[in-house]
Amino acid sequence: MHKTGWRIEPAPNLLMISDYFEKSFGRKPTNTAYAPGRIEFIGNHTDYNGGEVLGAAVNRGITVAVAPNNLEVIRFASPFIEGIIEIPVEGFTKQEGSASSANYPLGMVSIMRDEGYPVTGGFDFADSSNLPSGAGLSSSAAIELATAYALAGMHGLTIDRKKMALMGRRAENEFVGMPCGILDQGVSAFGHLDSLVHIDCFTEEFSTVAMPAGCHFWIFNTNKKHALVDGSYEDRFRECSEAFEILKAGGQDAACLAHIEPDAVRNAAAELGEVRMKRALHVTEENRRVRQAVTSLAQGDLQKVGQLLCASHNSSQHLFENSIAELDYLAKHIAPLKGVYGARLTGGGWGGAVMALTDETFSDQNEDLQKVLEAYHKEYGLESTVFHATAGDGATLLGE
Ligand code: GLA
């Protein structure tokens with residue numbers, strides 16, 4: 001069928017990572033690892049506020065290959081950078097410009113060492129991805145986790161999933177400089193076939209919740225790139241911290257913002273001021289939606305789950321203000337389509353993708369969907385890319 005203004009995004013084959021490594025460095029890697037991207041199912045900006053979140057590892061991700069090189073440098077080869085980047089293995093700092101994509105693996109090296117793991121000596125590194133970047137599907141967490149697994153393999157270290165996820169977050173917070181929570185790394189590490197990952201970000205407990213049979217995820221990339229490092233993410237992080245401090249000073253005895261009751265936030269409207277009140281209301285209500293979603297999933301009540309997804313988007317749009325017109329357009333017009341339970345922005349916001357939860361009758365051949373995507377193209381001049389995602393397993397060492 002002829003499509004205008006949008007297209008299905010096929011999963012590019014992950015490069016045969018050993019061959020790519022060999023082409024780049026003239027020998028085979030010693031270790032390879034894979035980590036998936038993730039969908040944020042529900043729980044928007046709850047993670048760094050001590051709340052709960054549900055996510056799914058998707059069936060697309062990043063592979064990394066490594067081998068020691070007996071040099072005092074790390075050499076990086078990636079289809080996304082021209083040539084090979086060389087960085088001294090000791091005393092490196094955060095990279096700027098064209099080498100900045102090396103910051104995720106470099107951050108992992110730095111944090112693994114800080115945690116006492118003997119990640120020493122120069123090595124060669126190659127990666128390959130079939131995850132769209134800038135779509136809010138966490139390619140950065142995937143590269144962090146794949147790097148950690150490959151390096152652990154190379155040094156004969158056994159590190160559990162939780163530690164891997166926490167080190168990934170530290171790399172992001174302390175080396176890359178993005179004050180994210182544990183959602184992305186936690187889901188990439190704990191992903192499980194046909195399941196959602198539930199994270200209690202306060203206790204840092206990870207578990208899986210089975211998806212009812214017949215549910216599907218569809219991703220609609222706005223193709224409006226998001227940039228969280230330089231964007232408004234830090235502002236929201238700060239606004240939430242300030243709101244929590246004000247609520248505590250006003251007598252709230254909670255350990256984190258997400259644990260405060262939404263009514264207590266409303267009652268403190270005058271002290272908080274409008275902006276902080278909206279942010280805090282989003283976080284506290286969203287946290288309740290995550291809990292309701294867990295219950296509704298267990299009951300198989302997908303209509304209710306869909307309503308929660310739509311309410312989450314609405315809250316992002318009006319209270320947290322991390323949505324943009326393109327995301328609002330897609331969420332609003334896709335949610336009512338036949339076979340769709342609900343739709344919402346997935347991930348940090350300010351660009352990226354909308355995720356829809358659907359039944360098995362929904363497909364890209366749905367004529368009403370095609371009309372929505374064509375109208376989106378006319379309205380915003382952007383071609384949405386669409387793909388069907390399934391919930392897959394988490395990060396893993398592939399081989400030696
Ligand atoms: C980004 C961050 C996550 C989380 C989401 C919003 O993906 O990396 O830690 O805060 O935004 O829920």
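Output the residues belonging to the stretch 224-264 that are buried (at least 17 other Cβ atoms within 10 Å of the Cβ) and in contact with a Ser or Thr (Cβ under 6 Å, 6 or more places away or on another chain). ALA258, ILE260, listed by residue number. From the list LEU369, LEU373, the lone residue that is crowded, with 21+ Cβ neighbours inside 10 Å, more than 30 Å from GLY156 (Cβ to Cβ) and in contact with a Phe, Trp or Tyr (Cβ under 6 Å, 6 or more places away or on another chain) is LEU373. Look at (1) outside any loop (DSSP other than H, G, I, E, B); (2) in contact with a Phe, Trp or Tyr (Cβ under 7 Å, 6 or more places away or on another chain); (3) within 11 Å of the ligand (Cβ to nearest atom) and you find that PHE76 fails only one, number (3).
Filtered by the rule that a residue be out of contact with any helix residue (DSSP H, G or I) (no Cβ under 7 Å at 6 or more places or on another chain) and either among the polar types (S, T, N, Q) or at pLDDT below 95 (or both), the stretch 180-192 gives no residues. Scanning the stretch 102-132 for residues that are of a type in the set (Gly, Ala, Ser), open to solvent by 20 Å² or more (accessible area, probe 1.4 Å) and in contact (Cβ under 8 Å) with a residue 40 or more places away in the chain turns up SER110, GLY121, SER129. Please verify whether the stretch 175-184 includes one or more residues that are among the β-branched types (Val, Ile, Thr), surrounded by fewer than 24 Cβ atoms within 10 Å (Cβ to Cβ) and in a helix (DSSP H, G or I). Among the residues of the stretch 175-184, at least one is among the β-branched types (Val, Ile, Thr), surrounded by fewer than 24 Cβ atoms within 10 Å (Cβ to Cβ) and in a helix (DSSP H, G or I), which makes the answer yes. Which of the residues that make up the stretch 35-54 are within 9 Å of the ligand (Cβ to nearest atom), closer than 17 Å to GLY352 by Cβ and either of a type outside the set (S, T, N, Q) or in a strand (DSSP E or B) (or both)? ARG38, GLU40, GLY43, HIS45, ASP47, VAL53, listed by residue number. All of ALA311, ALA325, ALA331, ALA335 fail the test of being open to solvent by 30 Å² or more (accessible area, probe 1.4 Å) and either within 16 Å of the ligand (Cβ to nearest atom) or over 26 Å from CYS180 (Cβ atoms) (or both), apart from ALA311.
Here the stretch 55-70 is the region considered, the condition is being in a strand (DSSP E or B) and among the polar types (S, T, N, Q), and the residue that is nearest to the chain's Cα centre (by Cα) is ASN59.
For the stretch 144-174, a residue qualifies if it is open to solvent by 10 Å² or more (accessible area, probe 1.4 Å), away from the ligand (no atom under 11 Å from the Cβ) and either touching a Cys at 6+ places or on another chain (Cβ under 9 Å) or in a helix (DSSP H, G or I) (or both), and the qualifying residues are TYR149, GLY153, MET154, ARG161, LYS162, LYS163, LEU166, ARG170, GLU174. Residues of the stretch 179-192 include none that is more than 16 Å from the ligand (Cβ to nearest atom), in contact with a strand residue (DSSP E or B) (Cβ under 9 Å, 6 or more places away or on another chain) and among the aromatic types (Phe, Trp, Tyr). In the stretch 108-133, the residue that is nearest to the chain's Cα centre (by Cα) out of those that are acidic (Asp, Glu) and not in a loop (DSSP other than H, G, I, E, B) is ASP127. Exactly one residue among ILE81, ILE62 is of a type in the set (A, V, I, L, M) and surrounded by fewer than 24 Cβ atoms within 10 Å (Cβ to Cβ), and that residue is ILE81. For the criterion of being touching an Asp or Glu at 6+ places or on another chain (Cβ under 9 Å) and among the acidic types (Asp, Glu), ASP200 passes.
Considered as a group, the residues in the stretch 344-361 that are within 16 Å of the ligand (Cβ to nearest atom) and on the phi < 0 side of the Ramachandran plot include one that is farthest from the chain's Cα centre (by Cα), and that residue is ARG344.
The values are calculated or read from the model by the stated rules, or taken from the named source; none is laboratory data. Predicted model only: the values in this text are computed from it and were never measured. Glycine gets a Cβ as well: all are built from the backbone with ideal geometry, and neighbour counts include every protein chain shown. Side chains are part of the model used for accessible areas, which takes the heavy atoms of the whole protein and leaves out ligands, DNA and RNA. Shrake-Rupley method; radii C 1.70, N 1.55, O 1.52, S 1.80 Å.
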